[in-house]
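Coordinate-derived values only; no laboratory data. This one's a predicted model, so the numbers in the text were calculated from it and none came from an experiment. Glycine also receives a Cβ, built like all others from the backbone with ideal geometry; neighbour counts cover every protein chain displayed.
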Amino acid sequence: MVTHAKIFTNIARRAGILSGEPSVAGTRIPVRTIVQYARIYHHDLKTMEGVYPSIARADIEEALAFYEANREEMIATSRRMRMTRRFDAAAGARLLDLTVLHATGIRACYSCAG
């Protein structure tokens with residue numbers, strides 16, 4: 001039996017937009033965000049259409065189908081993004097600390113700032 005991969009025409013990956021994360025074509029709405037709202041609204045597509053009036057119901061359905069067809073990859077991407085956000089937040093906090101020290105005239109020891 002031959003199986004064919006489904007082609008998702010309304011899902012796009014563009015390197016310069018959302019770091020190549022799958023999103024609804026022509027938008028900056030990531031598939032993972034639609035999945036998160038689907039969980040919040042218990043897959044009530046009518047309510048979800050109200051959250052994203054700029055996209056069609058078919059786009060929402062396709063995003064959910066894309067997630068199911070690529071579940072492992074989407075979970076791995078989500079984990080990677082959470083790790084990046086944690087790193088960025090920690091780096092931002094350190095930068096803020098150094099900025100405050102500079103503004104108050106206190107000299108910071110950069111080897112101690114980590």
List the residues whose amide H sits under 5 Å from the amide H of F8, counting only those 5 or more places along or on another chain, with H placed 1.01 Å from N in the peptide plane. none
Could you order peptides 7-13, 70-76 by the average number of other Cβ atoms within 10 Å of their residues, highest first? 7-13, 70-76
Taking θ = phi - 60°, what integer Hz values does the Karplus form 6.51 cos²θ - 1.76 cosθ + 1.60 yield along the stretch 19-27, in sequence order, with x for Gly and Pro? 6, x, 5, x, 9, 5, 3, x, 9
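Which loop-located trypsin sites (Lys or Arg not before Pro) does the stretch 16-64 contain, where loop means any DSSP state but H, G, I, E or B and the Cβ has at most 11 other Cβ atoms within 10 Å? Before the final figure, lay out each step's value.
Numbers: sites: R28, R32, R39, K46, R57; in loops: R28.
Those satisfying the criteria are R28.
Which net charge results for the neighbourhood of K46, defined as the other residues with beta-carbon distances under 14 angstrom from its beta-carbon, given Lys and Arg at +1 and Asp and Glu at -1?
Details: positive: R57; negative: D44, E49, E61.
Net charge in that neighbourhood comes out at -2.
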Cα gyration tensor shape of the stretch 19-59, rounded if a/c is under 1.5, else prolate or oblate by comparing a/b with b/c: oblate
P(r) of the stretch 1-81 over all Cα-Cα pairs, binned every 5 Å from zero, in whole percent: 3, 14, 27, 25, 18, 8, 3, 1, 0
Karplus couplings for the stretch 12-17 from phi (6.51 cos²θ - 1.76 cosθ + 1.60, θ = phi - 60°), rounded to Hz, Gly and Pro as x? 10, 10, 10, 3, x, 10
Quick one: which residues, 5 or more positions from I29 or on another chain, have an amide H under 5 Å from its amide H? H modelled 1.01 Å from N in the peptide plane, none for Pro or chain starts. V24
